[in-house]
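One structure is given here, and the rest of the page talks about it.
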Amino acid sequence: MEAYALALLSGGLMLAALAWIWLLVRVFKQNVWWGLGSLILPPLALVFALRHAQKAVGPLVLFVLGGKIG
């Protein structure tokens, strides 16, 4: 049972990490200053996601899915 839980937790964490990288790529494509700010202050990426919802919807959905699994 513990192995199953660990596998689910690891899978969810991997999905969330992949979503974060994907979001950072989108942020850097928009503007390098947004990207640098998001690297220094990670919550700034969420501000970007609110301001540019069209560009951030894919990574955010994947991030929520990873959170649900993990």
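Brief remarks on what is shown
- Any hit, the range 12-30, residues being of a type in the set (S, T, N, Q) and either over 20 Å from residue 61 (Cβ atoms) or in contact with an Asp or Glu (Cβ under 7 Å, 6 or more places away or on another chain) (or both): no
- The range 1-30 residues that are in a helix (DSSP H, G or I), paired with ones that are among the β-branched types (Val, Ile, Thr) and open to solvent by less than 80 Å² (accessible area, probe 1.4 Å) (beta carbon under 7 Å, 6 or more apart): 8/69; 11/69; 12/69; 15/69
- Residues satisfying the stated conditions in the range 2-30, i.e. open to solvent by less than 60 Å² (accessible area, probe 1.4 Å) and in contact with a helix residue (DSSP H, G or I) (Cβ under 9 Å, 6 or more places away or on another chain): 11, 12, 15, 16, 17, 19, 23, 24, 27
- Of the criteria (1) modelled with pLDDT of 95 or more; (2) open to solvent by 50 Å² or more (accessible area, probe 1.4 Å), which one residue 53 fails: (1)
- Yes/no for residue 38 being among the hydroxyl-bearing types (Ser, Thr, Tyr) and surrounded by fewer than 15 Cβ atoms within 10 Å (Cβ to Cβ): no
The values are calculated or read from the model by the stated rules, or taken from the named source; none is laboratory data. As the structure is a computational prediction, the values presented were derived from the model and not from experiment. A quick note on method: Cβ atoms are made from the backbone with ideal geometry, for glycine too, and the neighbour counts reach across all protein chains shown. These area figures cover heavy atoms from the full protein model, side chains too; ligands, DNA and RNA do not enter into them. Shrake-Rupley method; radii C 1.70, N 1.55, O 1.52, S 1.80 Å.
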